[in-house]
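Student: For reference, the structure I am asking about is given below.
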Amino acid sequence: MKTSVVLLFTILLFSGCGDEPKKNPPQKSESDKIKNWARPGVQGQMSGAYFVYKNPLSSADTLISVYSPQAMMTQIHESYTTEDGLAGMREKKEIVVHSDETLVLKQGGLHVMLMNLKKDLSENDSVEVALEFTKAGTVKLKLPVKNNK
Ligand SMILES: [Cu+2]
């Protein structure tokens, strides 16, 4: 009887540690982790990708297209609210980023829409997104999939 109580206690102790991180990830600032990410999604459905991009050039540049090998179609979207307070989103054909300006894609604002996902996107997966700028050319990003509610 005594043995089984000890055993049960041990199991509880270990299950309580289930969320303990197994490895120490490279030190990144908390804000960096949250700003660059993609939403989980199901095959055939949508996901959104969010990131921060600072134009390193001394002149303005224009984001003209986005591509992800993990989606059948990828678009730049902007969220908006109608006069009736309804939320919608529409495609944005291009975004001008001035010199030293930081482009912010976030939930409820500009975002990359991954449409018709080829595979499920789950937490701990990553999403590859290629941005096409008129001057900087192709900028590739790898974004972690996070359940960021
Ligand atoms: Cu969208």
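Student: Give all pairs with beta carbons closer than 7 Å in which a residue from the stretch 81-108 that is within 16 Å of residue 63 (Cβ to Cβ) and open to solvent by less than 100 Å² (accessible area, probe 1.4 Å) meets a residue that is in a loop (DSSP other than H, G, I, E, B) and within 16 Å of the ligand (Cβ to nearest atom); count only pairs at least 6 apart in sequence or on separate chains.
Tutor: Hits for this filter: 105/51.
Student: Would you confirm, using the coordinates I've provided, whether residue 145 is within 16 Å of the ligand (Cβ to nearest atom), within 16 Å of residue 38 (Cβ to Cβ) and in contact (Cβ under 8 Å) with a residue 24 or more places away in the chain?
Tutor: Values: within 16 Å of the ligand (Cβ to nearest atom): no; within 16 Å of residue 38 (Cβ to Cβ): yes; in contact (Cβ under 8 Å) with a residue 24 or more places away in the chain: yes.
It is false that residue 145 is within 16 Å of the ligand (Cβ to nearest atom), within 16 Å of residue 38 (Cβ to Cβ) and in contact (Cβ under 8 Å) with a residue 24 or more places away in the chain.
Student: Can residue 122 be described as within 15 Å of residue 70 (Cβ to Cβ), in contact with a Lys or Arg (Cβ under 6 Å, 6 or more places away or on another chain) and more than 15 Å from the ligand (Cβ to nearest atom)?
Tutor: no
Student: Return the residues of the stretch 114-147 that are surrounded by 15 or more Cβ atoms within 10 Å (Cβ to Cβ), part of a loop (DSSP other than H, G, I, E, B) and within 11 Å of the chain's Cα centre (by Cα); say none if nothing qualifies.
Tutor: Within the stretch 114-147, 125, 146 meet the criteria.
Student: Could I ask something else about it? Within the stretch 46-64, can one find any residue that is more than 12 Å from the ligand (Cβ to nearest atom), of a type in the set (Phe, Trp, Tyr) and within 20 Å of the chain's Cα centre (by Cα)?
Tutor: Yes, the stretch 46-64 contains at least one residue that is more than 12 Å from the ligand (Cβ to nearest atom), of a type in the set (Phe, Trp, Tyr) and within 20 Å of the chain's Cα centre (by Cα).
Student: Now for a separate question. Identify all residues within the stretch 74-108 that are under 16 Å from the mean Cα position of the chain (by Cα) and not polar (S, T, N, Q); write none if there are none.
Tutor: Hits for the stretch 74-108 are 76, 77, 78, 103, 104, 105, 106, 108.
Student: To continue, here is another question. Has the stretch 109-119 got any residue that is touching a residue at least 60 places away in the same chain (Cβ under 8 Å), away from the ligand (no atom under 15 Å from the Cβ), touching a Phe, Trp or Tyr at 6+ places or on another chain (Cβ under 7 Å) and not basic (Lys, Arg)?
Tutor: no
The values are calculated or read from the model by the stated rules, or taken from the named source; none is laboratory data. Keep in mind the model is a prediction, meaning the values are calculated, not measured. Virtual Cβ from ideal backbone geometry, glycine too; neighbours counted across all protein chains shown. Each accessible area value is taken on the protein alone, full model and side chains, heavy atoms only, with ligands, DNA and RNA left out. Shrake-Rupley method; radii C 1.70, N 1.55, O 1.52, S 1.80 Å.
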